[in-house]
Each structure stands twice: as structure tokens, then as C-alpha cells.
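The values are calculated or read from the model by the stated rules, or taken from the named source; none is laboratory data. No experiment lies behind these values; they were computed from the predicted model shown. Cβ placement follows ideal geometry from the backbone for every residue including glycine, while neighbour counts extend to all protein chains displayed.
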């Protein structure tokens with residue numbers, strides 16, 4: 001699969017980490033944007049329209065889990081991958097429950113992360129495509145259901 | 001609970017002492033006060049020692065734990081218990097001994113009284129019979145008839161045949177002259193006019209004399225019967241004498257010991273029969289004050305410088321005789337002497353038995369205390385260990401979190417360098433840089449393994465209980481390791497006990513533990529080694545799995561640290577030193593225990609014991 005079209009938003013307060021990771025992902029042909037806290041993430045989603053969001057949990061200001069909850073509610077077609085150094089089993093369960101696509105612990109292999117991003121994007125794509133198909137067939141309810149599938153509500 | 005009355009006694013005593021001191025100030029009678037003071041001090045000592053006996057004082061210093069402490073505890077128990085047991089026992093024994101001795105004494109007095117009464121009765125009867133016989137004789141014969149010595153001899157012969165023991169028979173006229181005489185002595189014509197018995201017989205009609213020597217110089221007594229002849233206004237006396245020996249024989253019915261004495265005295269204390277210890281007939285006996293009363297009197301006599309004795313006496317009617325018995329080794333004391341040996345033997349045996357029993361009891365009690373102390377200490381250690389484990393878990397998780405972030409930066413930076421290098425042109429230094437960057441990335445991976453495992457530690461301590469079969473867990477783990485064992489040519493023998501009770505535990509955690517230990521066992525083996533896995537029922541509440549390898553073994557120094565975190569003997573890249581630490585934590589959490597034994601070059605055995613029904617698994 002071509003990763004050229006995948007738009008990724010990195011959310012992490014560790015600038016050194018987030019910038020380096022952004023560089024590496026860009027080198028792998030992804031479109032990458034970076035923000036350093038939760039509030040920025042919520043506003044960035046508006047104009048950047050990312051496909052996949054890589055989200056840290058422990059950040060100053062808005063907590064990652066809160067960002068996840070809000071994103072899933074407002075933009076159910078953005079796939080969120082949590083990447084955190086503070087991952088406990090409880091956090092993982094909570095993230096999955098709120099509709100997070102996956103849960104990774106720092107530090108992680110670039111290849112692993114890339115793989116997850118691609119899978120997430122593919123799933124989003126499939127979901128969107130089938131929703132469009134249903135919409136074209138006039139079954140808007142089903143289309144909405146598909147889009148809201150992993151929405152926490 | 002015992003100390004209360006003692007405390008009360010002590011308070012009462014203190015008050016008494018205070019009153020005493022006040023009285024000492026007021027009263028100037030020093031002598032009396034001094035003796036009161038001495039008495040008070042004695043009471044104080046007794047109460048003091050009683051207080052000691054009933055008071056608990058800790059005599060354990062902090063360093064004084066272990067065997068010595070229980071030895072001293074046992075000694076303390078014994079020293080405190082022994083007087084408590086023995087003092088009342090001795091009091092009981094001596095009181096009962098005293099009472100029994102009194103009983104025996106009383107019994108022997110009764111026996112003595114009975115004997116004396118019997119002897120008195122037989123003497124009285126003896127004398128009565130003689131008197132009756134003489135009166136009958138006197139009334140049946142005429143004076144003229146009896147004054148013929150030949151006839152008198154005939155009558156005497158008949159009399160002797162019927163009544164025996166009579167020495168002689170004499171007829172005395174009113175002037176006191178013996179008119180005729182039958183007997184072994186030549187006493188015819190003897191004049192008794194001046195003798196006391198004659199006068200008494202004349203006045204009383206019947207007279208029984210004291211023992212006297214008389215003309216024949218032999219101790220005897222006389223029985224005289226006066227026969228009046230009113231028509232002739234005259235009288236005569238028929239007299240029979242009886243040997244003292246006869247009287248003496250009558251005393252033989254009294255049972256006597258070798259120091260005892262039975263004899264007859266008259267009212268003035270002259271011995272009428274020989275006494276074993278107080279002289280011969282007609283000698284004077286040092287007569288105690290005797291009270292004339294009916295029947296027999298028994299008195300205990302306790303004189304200075306002489307052993308106490310029992311003196312019994314009875315007045316004999318129609319005579320001036322008193323039957324006396326001196327009992328020095330009374331029947332009572334004789335019985336008591338036999339009894340005393342047995343009694344004290346019994347006492348010794350009882351005391352021994354009680355002492356042995358109570359010492360045994362104390363020994364058992366001290367052992368109970370020791371055991372419960374040990375159990376408590378063990379439980380404390382367990383709790384301490386569990387707390388330690390929990391805090392290590394928390395600390396590890398905290399540290400891991402903080403390390404993960406910088407680790408992630410290193411990871412990305414190094415990754416970026418590698419990415420750049422990979423994309424850049426091939427120059428001389430590129431490979432060198434790449435090797436070093438890969439080194440950094442490998443180290444990050446190693447560090448990550450550790451932090452993730454530590455993070456998992458807290459997570460792994462969270463166990464949800466489920467009902468599982470231990471054998472299934474073992475089989476699953478062996479399934480995972482199939483390839484590894486084939487590759488390493490390790491022979492795995494299974495001895496799984498069928499129908500093991502299912503246990504309340506956690507499958508995945510147990511899998512992790514078994515996987516870890518079995519992996520270690522495989523690592524310890526050279527190619528071709530073998531591992532034995534046994535499951536069995538240890539006791540009614542515990543199942544057990546034993547994993548035994550015949551590998552290179554673990555030395556004692558290593559064995560001590562085997563469950564410590566970050567302790568490993570494996571190559572740095574292979575082990576983090578957390579496997580057994582986590583396994584240990586899991587088994588503890590599941591309420592079980594994990595034991596290890598090892599011998600160099602023989603192999604290592606891990607035993608995992610798990611409770612069948614573990615309730616604590618649900619609590620956290």
C-alpha cells in the first residue's frame with residue numbers, strides 16, 4: 001500500500017521525540033503534522049484533517065485520554081493510535097473502550113508503528129468506502145452506523 | 001486474675017503497717033512493738049514473695065530471642081509452678097497424716113479402755129465368785145464342823161476342785177485365832193487379832209484384802225467372810241487366800257506391747273501385782289492423781305524429759321484395787337509406724353508423678369508458645385515480604401514510566417541517524433556509523449524489555465481467579481516449548497497425577513511461571529539432558545508441581561539471590577533477571593509458594609505449591 005496519502009498528526013509534549021519521529025515518518029513518505037499538547041491537537045484536527053492520530057497520554061493541559069474521547073466523538077473517522085511511556089493495562093483497556101485503534105508503548109520500533117498506521121489507515125479507508133457505498137445506495141442510516149461504529153457513544 | 005486478692009492483701013497489709021507506725025509513736029511499750037514489728041516484717045516477706053509469684057515481669061531483653069529464651073521461660077514456669085503445686089499438696093498430706101494419726105490414737109485408746117474394762121470385769125467376777133462360794137460354804141457348815149482340821153481339809157479339797165486357785169482355807173474365831181487351817185502352810189493357831197483385815201472383816205462382813213506377805217512371806221491376798229451366829233451371839237470368819245500370781249494372770253487379757261505395763265495398785269499406790277517397769281509387788285508406784293469414777297479412764301500424759309504415754313485405769317469394786325495400764329508404744333503408734341512408711345512412700349511417688357506431669361506439661365506449653373511465636377514471626381515475614389513486593393512493583397512501574405520517555409527519544413534519534421545513513425551515499429564511515437547506531441538501538445531494545453517487564457510486574461500482580469486444572473497448564477506450557485525441546489534435544493518426562501482437584505487460580509499467570517521455570521531448566525541443560533515434571537496432591541488443601549532438571553545446578557551463594565530482582569547468571573542479552581522475581585511474586589499472589597533445591601552438577605528442583613481454594617486471589 002502506498003503510504004504517500006496518509007496524513008498523520010503527532011501529539012506529544014516531548015518535542016525532541018515528536019520532531020524526530022515526524023522526520024522519520026516523513027522520510028517514509030507520510031504527511032506528518034506535529035502538535036505539543038491536547039488543545040493544539042483538537043484545533044489542528046479541524047484544518048489538517050488527519051487520517052491517523054498518534055497520541056501521547058501524559059501531557060500538560062488536556063490529558064491524552066480526554067483528547068481521545070473528544071476526537072472519537074467529533075471525528076469518528078480519525079483513527080487514533082495511543083503511544084505512551086506510561087501505558088498500564090488499565091490505560092490500554094480505557095483507550096480501547098473509548099475507540100482508540102491501538103495502544104503502543106514507548107519506545108517502539110518505527111516499523112511496528114508504521115505497520116499500525118498503515119493498518120489503521122486501511123481500515124478507515126474501507127470503512128469510508130463502504131459507508132459511501134451504502135450512502136450512494138440511499139441507506140444513510142447504515143452508512144452513519146458504519147462511521148459511528150467505534151464511536152464511544 | 002490471681003493478682004487481685006494478693007494486691008488486696010498487700011493493701012490491707014500496708015494499712016496495718018501504717019496503723020502500727022502510729023501506734024509505735026503513741027505507745028511506748030518497746031518490747032511489744034518490736035515483736036509486732038518482727039511479725040509485720042515476716043508477713044511483709046511472705047506477701048512480697050507471693051506477689052512475686054503472681055506478678056508478670058518481662059525478663060526478655062531484645063537480644064534474648066531464640067532457644068535460650070524458651071529455656072528460661074520453662075525454668076521460670078517450673079520455679080513458679082512447683083511451690084504452687086507442692087505447698088498445698090504438702091499441707092494436705094501433713095494435715096491428713098496428722099488427722100489419721102489422731103484417729104489411730106483415738107482408736108487405740110478405745111481399745112485400751114475396752115481391754116481394761118474386760119480385765120476389771122474378770123477380776124471383779126473372779127472375786128465375786130470366790131466371795132459367793134465362801135458365803136455359801138459358811139452358811140452350809142457349822143463352826144464345830146469346820147473347826148475340825150480334817151473336815152476343813154476335805155471341804156477345802158472340794159472347794160479347790162470347784163473354784164481352783166485358792167491356796168488355803170482357814171477358820172478364825174471371834175478372837176482372831178485361826179482355829180483350823182487347810183493348806184500348804186502350817187498356820188493353825190495363828191493370831192490375826194491385830195491384823196487390819198480381821199478388823200475390816202469383822203466390821204464389814206466381807207473383806208477383800210490388799211496383797212500382803214503375811215506369815216508365809218509370799219505375796220497373796222485374802223478374802224474373808226464373816227458368819228454371824230445370832231442365837232449364840234457369836235461369829236466366826238472363813239478366810240481363803242489366793243496367790244498374787246492368780247491376780248496377775250487375770251491381767252494377761254490386756255494386749256500389751258513390749259514397753260507397756262499392766263498392773264494393779266491399791267489406793268495408796270502400793271503395787272499389788274509386779275510391774276515390768278515400776279518395781280515389784282508391794283513397792284510404791286509414783287501414783288498420779290486418779291479420779292474415782294465409774295468405768296475406765298484414759299489420760300494422755302506428757303511429762304517433761306519423758307516420752308508421752310497413755311495411762312489408763314479403772315477402780316475395781318469391793319476392793320481397794322486400781323487396775324492401771326501404762327501404754328508407751330500404744331497400738332496406735334505401732335500401727336502408725338507401719339502406716340507411716342507406706343504413707344510417705346505414697347507421698348514421694350505422688351510428688352514425683354505430679355512434678356513429672358507438670359514439668360512435661362510446662363515443656364509442652366513452652367513448646368506451644370514457641371511454636372505460636374514462630375508462626376507469628378513467619379506470618380510477619382510473609383506480610384513484610386508481600387509489602388516489599390508491592391512497593392518494589394510500584395517503584396519499578398514509576399521508574400519505568402519515567403525512563404520510557406527519554407528511551408523513546410534515544411530510540412527515535414538513533415533511528416533517524418540510521419534512516420539518514422541508510423539513505424545517504426556510501427562512504428567509508430557509513431558502516432562504522434551504522435554499526436554504532438545499531439548498537440544504540442539494540443541497547444534501547446534491551447532497556448525497553450526491562451521497563452516493559454517491570455511495568456508488567458504490577459500488571460501481573462493483578463490476578464483474576466478462575467477454576468483451572470494444574471495438569472492442563474503444564475501440558476499447555478510444554479506445548480509452547482515443543483520446538484525448543486526438540487531443537488535442544490531435551491527429554492521431558494511427565495508424571496502428572498490424574499484427577500488432581502481443580503484449583504482456584506489464574507491460568508495465564510501460571511503459564512507464565514511454568515514457562516519461565518521450564519525455560520530456565522532447559523537453559524541449564526546441555527544437549528541431551530532431561531527434565532521431569534511431576535504434579536501431585538501435597539495435602540488436602542494444596543496441589544504441587546515439581547520441575548526437576550539434571551543440569552549443572554546452582555551453587556548456594558547464587559541460590560540465595562535467585563528470586564531477587566535483576567539477578568541473573570544468563571548472558572546479558574538473554575535475561576533481564578526479572579523472570580524468577582516475577583514468578584515468585586505471582587505464586588505469592590496466588591497464595592502459594594515456590595521452593596528451590598539444587599546440587600551442583602546434579603540438577604535443580606523447583607516445587608510450586610498452590611492452594612486449592614485461594615480466596616485472596618479475588619481481593620486485589
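One line per residue, one yes/no per condition, for (1) touching a helix residue (DSSP H, G or I) at 6+ places or on another chain (Cβ under 7 Å); (2) touching a residue at least 12 places away in the same chain (Cβ under 8 Å):
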{"residue": "B:464", "(1), (2)": "no, yes"}
{"residue": "B:468", "(1), (2)": "yes, yes"}
{"residue": "B:471", "(1), (2)": "no, yes"}
{"residue": "B:495", "(1), (2)": "no, yes"}
{"residue": "B:508", "(1), (2)": "no, no"}
{"residue": "B:517", "(1), (2)": "yes, yes"}
{"residue": "B:526", "(1), (2)": "no, yes"}
{"residue": "B:534", "(1), (2)": "no, yes"}
{"residue": "B:546", "(1), (2)": "no, yes"}
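Taking the stated definitions as given, is residue B:521 free of Cβ contacts under 8 Å to residues at least 60 places away in the same chain and either crowded, with 19+ Cβ neighbours inside 10 Å or in a helix (DSSP H, G or I) (or both)?
Against the criterion (free of Cβ contacts under 8 Å to residues at least 60 places away in the same chain and either crowded, with 19+ Cβ neighbours inside 10 Å or in a helix (DSSP H, G or I) (or both)), residue B:521 does not qualify.
Given the residues B:416, B:407, which is the only one that is surrounded by fewer than 20 Cβ atoms within 10 Å (Cβ to Cβ), facing chain A (nearest Cβ under 8 Å) and either under 11 Å from residue A:85 (Cβ atoms) or at pLDDT 80 or above (or both)?
Every option except B:416 fails the conditions.
Suppose we filter B:187, B:169, B:213, B:247 for residues that are in contact (Cβ under 8 Å) with a residue 60 or more places away in the chain and over 25 Å from residue B:322 (Cβ atoms); which single one remains?
B:169
Please state which one of A:63, A:86 is surrounded by fewer than 20 Cβ atoms within 10 Å (Cβ to Cβ), within 14 Å of chain B (Cβ to nearest Cβ) and touching a residue at least 12 places away in the same chain (Cβ under 8 Å).
After applying the criteria, what remains is A:86.
May I ask you to verify whether residue B:385 is in a helix (DSSP H, G or I), away from every other protein chain (no Cβ under 14 Å) and touching a residue at least 40 places away in the same chain (Cβ under 8 Å)?
yes
Looking only at segment B:386-404, decide whether some residue is surrounded by 12 or more Cβ atoms within 10 Å (Cβ to Cβ) and over 30 Å from residue A:83 (Cα atoms).
yes
Just the residues that are in contact with a helix residue (DSSP H, G or I) (Cβ under 6 Å, 6 or more places away or on another chain) and without any contact (Cβ under 8 Å) to a residue 12 or more places away in the chain, please, taken from segment B:393-440.
B:408, B:409, B:412, B:413, B:416, B:419, B:430
Can you name every residue in segment A:71-83 that is assigned to a helix (DSSP H, G or I), under 12 Å from the mean Cα position of the chain (by Cα) and free of Cβ contacts under 8 Å to residues at least 60 places away in the same chain?
The answer is A:71, and nothing else.
All but one of (1) modelled with pLDDT of 75 or more; (2) surrounded by fewer than 18 Cβ atoms within 10 Å (Cβ to Cβ); (3) within 49 Å of the chain's Cα centre (by Cα) hold for residue B:327; state the number of the condition that does not hold.
So the condition that residue B:327 fails would be (2).
With segment B:62-166 as the region, which helices (runs of 4 or more DSSP H) entirely inside it contain at least 3 residues that are out of contact with any helix residue (DSSP H, G or I) (no Cβ under 7 Å at 6 or more places or on another chain) and surrounded by 15 or more Cβ atoms within 10 Å (Cβ to Cβ)?
It comes to B:67-140, B:149-163.
Just give me the residues in segment A:101-124 being away from every other protein chain (no Cβ under 14 Å) and either free of Cβ contacts under 8 Å to residues at least 40 places away in the same chain or farther than 15 Å from residue A:51 by Cα (or both), in sequence order.
A:102, A:115, A:116, A:119, listed by residue number.
If a residue must be in contact with a strand residue (DSSP E or B) (Cβ under 9 Å, 6 or more places away or on another chain), buried (at least 17 other Cβ atoms within 10 Å of the Cβ) and not in a helix (DSSP H, G or I), how many such residues does segment A:1-54 contain?
Qualifying residue count for the region: 18.
Those residues that are surrounded by 14 or more Cβ atoms within 10 Å (Cβ to Cβ) and either in contact with a strand residue (DSSP E or B) (Cβ under 8 Å, 6 or more places away or on another chain) or not assigned by TED's automatic domain parsing to the domain that holds residue B:535 (or both), I need them from segment B:482-496; list them, please.
B:485, B:490, B:492, B:496
In the list A:106, A:127, which residue meets the criterion of being closer than 26 Å to residue B:418 by Cα and surrounded by 14 or more Cβ atoms within 10 Å (Cβ to Cβ)?
None of the others qualify; the one that does is A:106.
Which residue is farthest from residue B:256 (Cα to Cα), if the candidates are limited to segment B:301-313 and must be within 40 Å of the chain's Cα centre (by Cα) and free of Cβ contacts under 8 Å to residues at least 24 places away in the same chain?
Top of the filtered list is B:302.
Looking at segment A:84-96, is at least one residue touching a helix residue (DSSP H, G or I) at 6+ places or on another chain (Cβ under 9 Å) and farther than 25 Å from residue B:396 by Cα?
So far as segment A:84-96 goes, no, none of its residues is touching a helix residue (DSSP H, G or I) at 6+ places or on another chain (Cβ under 9 Å) and farther than 25 Å from residue B:396 by Cα.
Here are some conditions: (1) outside any loop (DSSP other than H, G, I, E, B); (2) surrounded by 17 or more Cβ atoms within 10 Å (Cβ to Cβ); (3) within 14 Å of another protein chain (Cβ to nearest Cβ). Residue A:146 meets all but one. Which one does it not meet?
(3)
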